[in-house]
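Taken together, the values in this text are just the output of simple stated rules run on the coordinates, not laboratory data. Note that the structure is a prediction, hence the values are computed from the model and not measured. Backbone-built Cβ (ideal geometry, glycine too); neighbour counts: all protein chains shown.
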Amino acid sequence: MKLPDDIFRLELLQYLTVYDIVRLDTACINHKYRPHLLEKISGVILTGDKDGSMKASLFTWLGMRRIYFIKMNLNFNIFTRSNIENNYVDQFRHTQHVVMKGTIRDDIAMFIISHSPCLQSIDISCKFDFGFQIIETLQSIAEHCTGLQSLSINDCSQITDNGLITISEHCLNLQSLKVYNCHQITDASIISISTHCTGLQSLNLCGCDQIRDASIISISTHCSGLQSLDVGYCRQLTDASIISISTHCTGLQSLDLGRCNQITDTSIITDASIISISTHCTGLQRLHLYNCVQITDASIISISIHCTGLQSFHLGYCQRITDASIISISNFCTGLLSLNLWSCRMITDTSIISISTHCTGLQSLYLRGCHQISDASIISITEKCAGLKRLDVSYTRITDASLIAIAKNCTGLQYLCTYGCNGLSSHKLCDEFKSVSELRNAISSFHYLPSDLTSTSCCSIH
């Protein structure tokens, strides 16, 4: 243990997970150098894991060893107030990002927040116990986390405007806000966010079905640096919101209007709104228009011509779209990575063959319910888009020839769905496959697999 502390901490420990350090500690438990090890690991700040939930025993161990996490993921179906408070030894001192999941009480959340002076990001994906209100948690965030940059609250039916207004008045540096599926949120809180948090860059209001144009117009007016907007399922929005966003937030990179069924392009106003997005927000990379059922080729062609850097395009259930739109996308948006055409029933092989020819880097393609798609499309895609990872051809006209082409050419495929494909020789092949190996085994069992594929290695799912 003669390594200098700075080399040991910065050059060695940073390459180890916390569980590696636990094993190192355990291995040295009876070693004469253990006191030196404990001294060297004390005060170490690790990145932590925002995706994997922490065990209660690890939380206790961190406190005993004075090891700190920048990212902390806590599942409150595991943690109780007593095992946090009784085993707390300043574990949250350096925590910048905290995720809270499970069923939680306000008092537990408030304890964590009040003991985390460096918090920049809070993700609440949990249900609050009956009798406890999230308003107290939000008030605690407003009081203790004035430097907060990101707040995410998911599926919380208890959150109201009062909580978000309090946040907006104190957390002026907020850059990202997500209030997913929070049905009590109205224009009052979002307007307050817009006027106080003018540096907002990302806003997700998906499923907040009381949001109206006033909110989005206020956001566009005050938060001109907005880069990402998700208003999916906000069915009370109209074209007025989108026109305002397009003219003020010209740096927009991601826009989700899924299920905003009142947004159409059949009138002058509506046509102007979608074309305005295309002409003003030319840096757009992701556009989702899922189930915007009145959208026609006029808008999509304009988007493809002006937003040539588009990488992800979702046109599912836009049933008025024709080959003209998809051919235009293929010609101008050659860097496209993901295309969703679920139930676009006017799309034919001509479109998909054009996509395969020009968008050779395509990784995800969803053609479920495109009844005119046949083997010609899929064979062309598999031959020219070798990096394809996800493919849904359910309820299309494909036959065994498509499956053989997929198995032969798409060695990195991670997901394939073939439900409802009556052209396949066996109903047992109408299924979901999670790797090329699964697909090849299924084909082989029905003697469809060419002999030259039997020895080819298959990629597994990561």
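Near ASN73, the amide H atoms lying under 5 Å from its own belong to ASP49, MET54, VAL99; only residues 5 or more places off or on other chains count, and H is placed 1.01 Å from N. With a Förster radius of 45 Å applied to the beta-carbon distance between SER57 and GLN158, the computed FRET efficiency rounds to 0.90. Using the alpha-carbon atoms, what tilt in degrees (0 to 90, nearest 10) does helix 18-27 show relative to the longest principal axis of the chain? Tilt relative to the chain: about 50 degrees. Each of SER435, ILE353, ILE21 was placed along the dipole of the chain (beta-carbon charges, centred on the mean Cα), and the one lying farthest toward the positive end is ILE21. Apply the a/c threshold of 1.5 to the C-alpha gyration tensor of region 261-416 and tell me whether it is rounded, prolate or oblate. The shape class here is prolate.
Between helix 375-384 and the chain there is an angle of about 50 degrees, using the helix long axis and the longest principal axis of the Cα atoms. Axis angle, to the nearest 10 degrees, between helix 349-358 and the longest C-alpha principal axis of the chain: 60 degrees. Along region 151-158 the Karplus relation, 6.51 cos²θ - 1.76 cosθ + 1.60 evaluated at θ = phi - 60°, assigns HN-Hα couplings of 9, 10, 10, 10, 6, 10, 6, 8 Hz to successive residues, with x for each Gly and Pro. Simple rule: put +1 on each Lys or Arg Cβ and -1 on each Asp or Glu Cβ in the chain, find the dipole, and look at CYS292, CYS344, SER364; the Cα lying farthest toward the positive end is SER364. Taken over the chain, lysine pairs spaced eight or more positions apart, or on distinct chains, with alpha carbons under 15 Å apart number 12.
Per-residue Karplus couplings for region 312-319, computed as 6.51 cos²θ - 1.76 cosθ + 1.60 with θ equal to phi - 60°, are listed in order as 9, 9, 10, 10, x, 6, 7, 6 Hz, Gly and Pro entered as x.
Restricting attention to the chain, close to 5% of DSSP beta bridges with both partner residues there are antiparallel. When both region 286-322 and region 138-167 are represented by their alpha-carbon centers, they are found 34 Å apart.
Placing +1 on the Cβ of every Lys and Arg and -1 on the Cβ of every Asp and Glu, with no other charges, gives the chain a dipole of roughly 1120 debye about its Cα centre. Among the listed values (i) 1.74; (ii) 1.05; (iii) 1.07, the one computed from these coordinates for Rg/Rh (Cα atoms, Kirkwood Rh) is (ii). Where only DSSP H runs of four or more residues are counted, the chain gives -10500 deg cm²/dmol as its mean residue ellipticity at 222 nm, each run worth -39500 (n - 2.57). In percent, rounded to a whole number, the relative contact order of the chain is 6, using alpha-carbon pairs under 8 Å and six or more apart. Among the trypsin sites (Lys or Arg not before Pro) found in region 78-128, those both in a DSSP coil and sparsely packed, with 16 or fewer other Cβ atoms within 10 Å of their Cβ, are ARG93. By its C-alpha gyration tensor, with a ≥ b ≥ c as the square roots of the eigenvalues, how is region 360-416 shaped: rounded for a/c under 1.5, else prolate for a/b larger than b/c, else oblate? Since a/c reaches 1.5 and a/b is larger than b/c, the shape of region 360-416 is classed as prolate.
Taking the DSSP beta bridges with both ends in region 288-436, the antiparallel portion is around 15 percent.
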